[in-house]
Amino acid sequence: MPENEPFEKQPDSLEDRHATDWPLWEIFIRSQNGLAHKHAGSLHAPDAEMALKNARDVYTRRNEGVSIWVVRSSDITASSPGEKEILFEPANNKVYRYPGFYPVPDEVKNL
Amino acid sequence: MTPEEREFQQKIDAGIKVEPKDWMPEAYRKTLIRQISQHAHSEIVGQLPEGNWITRAPTLKRKAILLAKVQDEAGHGLYLYGAAETLGIRRDQMIEDLLAGKAKYSSVFNYPTLTWADMGAIGWLVDGAAIINQIPLCRCSYGPYARGMIRICKEENFHQRQGFDIMFTLTRGTPEQKAMAQDALNRWWWPAVMMHGPSDAESKHSAQSLQWKIKLFSNDELRQKFIDQIAPQAEYLGLTIPDPELKWNPERGHYDFGAIDWDEFHNVIRGNGPCNRDRLRTRKEAHEAGAWVREGAAAYARKRAIREAA
Ligand SMILES: [Fe+2]
Ligand SMILES: [Fe+2]
């Protein structure tokens, strides 16, 4: 989920975007091969290429990563806290999805 | 308290973090915006006293270290501006407020850096005091702020160590170098002690902030901790802390210390410190001088996006 919601809609036309009001980017970093990219934070940059360069300086000054993803914050669709029940409550009802739901006789091993 | 506010407080009491899109009281949001943005401004303005010595560092090694330290502070400012933005304030707004002199930053940065030993004293004392303020905030109730603080605290230890290392080297040097270290300690001690803010009796926002867990210890508790840590280190260095009343109190298990000159503190906050005007002017000039870079980068991005869309 993006930490930073864009507070003002991006202007539709590329020309009328204010020179200094750079879009917000979410930064994801893979700390080492074998691990997934993880959200590290966000930053402002005029385009993806600059976002990548800035992310390198802001978030990986001490070998924190081997790979960086930058994603424009406005391109992320996030669930909202209000939907928590609708989205996640059903999972709590289905206790039979967990192995602990099933009794196992003491005599039976390796199950 | 409204039912929503009660639920919010219960969540905080239970140690559940507040995330950007969760409901929160307006006053919580406002207090945090003020706290985090002031903190961000302090990191950014805090680069200036040390930036003053980058070109005059005594060796290439010290220069590279100082440069890395100052770059970290820029990073700290950016993490914190990012955390504040999640609460609904635009970054440009925060920067405008700083440059217009409307926003506060830590008053310790309004003192001048007169000698190389000041680089030692700042790392050792100012970053040392900042660490004590910041470590508890890694557990604060607001998720993005806590995550930013964890990142910052990891980097601050390097800052304090390199400062101590400068002091150590000077105190083991010539009598002039040792005197320089003592002079820096004399000038930075009290401003560093004041970094934890007004005494508890005077501090206005403390009770509510403690309840919201955006402050975890009182100013006086943090200050005591700082003094208890630094006093033996100063002794090891063979330097004298400029407080005749500083003395170990075995009954309390803490150092006693002399009265703090709060008039000076308030005077510097009000804008009358030795460098207030200078710091803001430097910041403003840097911002204006960088305008063409920002405009150029934006123009390039626009042009490329249009070309790609065609
Ligand atoms: Fe910092
Ligand atoms: Fe620092």
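Summary table below
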{"item": "Pair list, Cβ < 7 Å and 6+ apart or interchain, from segment B:289-309 residues that are free of Cβ contacts under 8 Å to residues at least 24 places away in the same chain to residues that are part of a helix (DSSP H, G or I)", "result": "B:A297/A:M50"}
{"item": "Condition check for B:K154: in a helix (DSSP H, G or I), surrounded by fewer than 24 Cβ atoms within 10 Å (Cβ to Cβ) and modelled with pLDDT under 95", "result": "yes"}
{"item": "Within segment B:78-119, considering residues that are crowded, with 21+ Cβ neighbours inside 10 Å, more than 14 Å from every other protein chain (Cβ to nearest Cβ) and small (G, A, S), the one nearest to A:Y59 (Cα to Cα)", "result": "B:S106"}
{"item": "From the options B:I132, B:I152, residue that is out of contact with any Gly (no Cβ under 8 Å at 6 or more places or on another chain), within 16 Å of ligand 2 (Cβ to nearest atom) and under 18 Å from B:A231 (Cα atoms)", "result": "B:I132"}
{"item": "Within segment B:41-61, tally of residues that are farther than 19 Å from B:H287 by Cα and either under 17 Å from the mean Cα position of the chain (by Cα) or surrounded by 19 or more Cβ atoms within 10 Å (Cβ to Cβ) (or both)", "result": "1"}
{"item": "Top-ranked residue in segment B:264-307 [being among the β-branched types (V, I, T) and over 18 Å from B:P112 (Cα atoms); ranked as surrounded by the fewest Cβ atoms within 10 Å (Cβ to Cβ)]", "result": "B:V293"}
{"item": "Residue in segment A:80-100 that is at the interface with chain B (Cβ under 10 Å from one of its Cβ atoms), small (G, A, S) and on the phi < 0 side of the Ramachandran plot present", "result": "yes"}
{"item": "Candidate set: segment A:49-63, residues that are surrounded by 16 or more Cβ atoms within 10 Å (Cβ to Cβ) and facing chain B (nearest Cβ under 9 Å); chosen: the one nearest to B:A305 (Cα to Cα)", "result": "A:M50"}
{"item": "Out of B:G46, B:G75, B:G51, sole residue that is within 14 Å of chain A (Cβ to nearest Cβ) and within 16 Å of ligand 1 (Cβ to nearest atom)", "result": "B:G75"}
{"item": "Residue match in segment A:37-47 (condition: out of contact with any Leu (no Cβ under 9 Å at 6 or more places or on another chain), modelled with pLDDT under 50 and facing chain B (nearest Cβ under 7 Å))", "result": "no"}
{"item": "Qualifying helices (runs of 4 or more DSSP H) (wholly inside segment B:1-116; at least 3 residues being within 16 Å of ligand 2 (Cβ to nearest atom) and under 27 Å from B:Q208 (Cα atoms))", "result": "B:26-45, B:60-85"}
{"item": "So B:A40, is it within 18 Å of B:I269 (Cα to Cα) and within 14 Å of chain A (Cβ to nearest Cβ)", "result": "yes"}
{"item": "Listing of helices (runs of 4 or more DSSP H) fully contained in segment B:250-310 that carry 3 or more residues being more than 10 Å from chain A (Cβ to nearest Cβ) and closer than 30 Å to B:D200 by Cα", "result": "B:262-267, B:276-289"}
{"item": "Complete set of residues in segment B:1-31 that are among the aliphatic types (A, V, I, L, M) and within 14 Å of another protein chain (Cβ to nearest Cβ)", "result": "B:I16, B:V18, B:M24"}
{"item": "Residues being surrounded by 10 or more Cβ atoms within 10 Å (Cβ to Cβ) and at pLDDT below 90 - total across segment A:86-111", "result": "2"}
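Residue-by-condition table, conditions (1) within 16 Å of ligand 1 (Cβ to nearest atom); (2) farther than 18 Å from B:I152 by Cα; (3) touching a residue at least 40 places away in the same chain (Cβ under 8 Å):
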residue: B:T2; (1), (2), (3): no, yes, no
residue: B:E19; (1), (2), (3): no, yes, yes
residue: B:T31; (1), (2), (3): no, yes, yes
residue: B:Q35; (1), (2), (3): yes, no, yes
residue: B:K61; (1), (2), (3): no, yes, no
residue: B:E96; (1), (2), (3): no, yes, no
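The values are calculated or read from the model by the stated rules, or taken from the named source; none is laboratory data. Model, not experiment: these values are computed from the prediction. As a convention, Cβ positions derive from the backbone with ideal geometry for all residues, glycine included, and neighbour counts pool all protein chains shown.
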